[in-house]
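Student: Below: one structure in structure tokens.
The values are calculated or read from the model by the stated rules, or taken from the named source; none is laboratory data. Only a predicted model underlies this, so the values are computations on that prediction, with no experimental measurement involved. Counting neighbours? That spans all protein chains shown, and the Cβs are built from the backbone with ideal geometry, glycine included.
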Amino acid sequence: MTSLHDRAERWFERASAALLAALPCGRGCHQCCIGLFAITRLDADRLTAALRALPPDHADRIRSRARSQRTALEAAHPALRETKTLDRWADADVDAAAAQFSAERCPALEDDGSCAVYADRPMTCRMMGIPLEEDGVVRGACAVQTAVPIVRLPTSHRKEEDRLTELEARALESRPSSGDGDEVWLPYGFLVDGDEDGCDDALDDRLDRW
């Protein structure tokens, strides 16, 4: 049984190989760990479980950083005090908030540049680094990518990327509803309650059938 997050990681490995390993991504680089971005409830479930598995003092340090970011976010955007989900936010407002907090480090980013929850990192983190393509134009995925590989990512890999997005949407539909949306800012992912044990396994069973 393969989880959606594991499928995303394998996609990145295959895509990187198809680009002849020309990406600058590697151990110690944490450019994509800086800045505010949205994650799904599926990601938040995994992060919650990951914190439970860490030594309590380590998990508390991560939660403390997340709470500090949440306080700053809610001071700037009071609507988050009523509902932390982003589903009703306009794209322009999401972009503006991300720009406003672009210097924030992920709460799980350690001082040595490593990720404290690497095995349970969000989908975005697993797929970040592959150059983006839109209307035939390829551009870097982050500020480190000042140049992109000469070789383009095969169409089959782009289709698989779209398929992963589709599977993620189906998994969210199958998840017990929280009633107010599917996306939250990253810091909230370290502070929400997870589902009961076994929820992820049930989702993985459905994904395998899809």
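Student: With respect to ARG139, is the statement that it is basic (Lys, Arg) and either modelled with pLDDT of 95 or more or over 20 Å from GLY35 (Cβ atoms) (or both) true?
Tutor: No; evaluated as a whole, the condition is false for this residue.
Student: All but one of (1) outside any helix (DSSP H, G or I); (2) closer than 18 Å to GLU13 by Cβ hold for GLY113; state the number of the condition that does not hold.
Tutor: Every condition holds for GLY113 apart from (2).
Student: If you don't mind, there's one more thing I want to ask. In the stretch 167-210, what count of residues is obtained for those that are closer than 11 Å to ASP45 by Cα, modelled with pLDDT under 50 and part of a loop (DSSP other than H, G, I, E, B)?
Tutor: Residues meeting the conditions: 4.
Student: Please verify whether ALA44 is more than 30 Å from GLU173 (Cβ to Cβ) and crowded, with 16+ Cβ neighbours inside 10 Å, treating the condition exactly as stated.
Tutor: Spelling it out, it is not the case that ALA44 is more than 30 Å from GLU173 (Cβ to Cβ) and crowded, with 16+ Cβ neighbours inside 10 Å.
Student: Going through the stretch 47-96 one residue at a time, which ones are crowded, with 16+ Cβ neighbours inside 10 Å, in a helix (DSSP H, G or I) and either modelled with pLDDT under 95 or among the aliphatic types (A, V, I, L, M) (or both)?
Tutor: Selection gives LEU47, THR48, ALA49, ALA50, LEU51, ALA59, ILE62, ALA66, LEU73, LEU80, VAL94.
Student: Quick check on ILE34: is it within 14 Å of the chain's Cα centre (by Cα), surrounded by fewer than 18 Cβ atoms within 10 Å (Cβ to Cβ), closer than 30 Å to VAL138 by Cβ and aliphatic (A, V, I, L, M)?
Tutor: Against the criterion (within 14 Å of the chain's Cα centre (by Cα), surrounded by fewer than 18 Cβ atoms within 10 Å (Cβ to Cβ), closer than 30 Å to VAL138 by Cβ and aliphatic (A, V, I, L, M)), ILE34 qualifies.
Student: Among the listed residues VAL144, VAL148, VAL137, which satisfies the condition of being of a type in the set (Val, Ile, Thr) and under 15 Å from ALA18 (Cα atoms)?
Tutor: Result: VAL148 is the single residue among VAL144, VAL148, VAL137 that is of a type in the set (Val, Ile, Thr) and under 15 Å from ALA18 (Cα atoms).
Student: Which pairs do you get when a residue that is touching a residue at least 60 places away in the same chain (Cβ under 8 Å) and at positive phi, found in the stretch 1-27, comes within reach of a residue that is surrounded by fewer than 17 Cβ atoms within 10 Å (Cβ to Cβ) and of a type in the set (Val, Ile, Thr), reach meaning Cβ atoms under 9 angstrom, with the pair 6+ apart or on two chains?
Tutor: LEU20/ILE150; LEU20/VAL151
Student: Please name all residue pairs, on different chains or six or more residues apart, with Cβ atoms under 6 Å, provided the first residue is in the stretch 60-71 and is under 20 Å from ALA98 (Cα atoms) and among the polar types (S, T, N, Q) and the second residue is part of a helix (DSSP H, G or I) and at pLDDT 95 or above.
Tutor: Taking only residues 6 or more apart or on different chains, the pairs are GLN69/PRO187.
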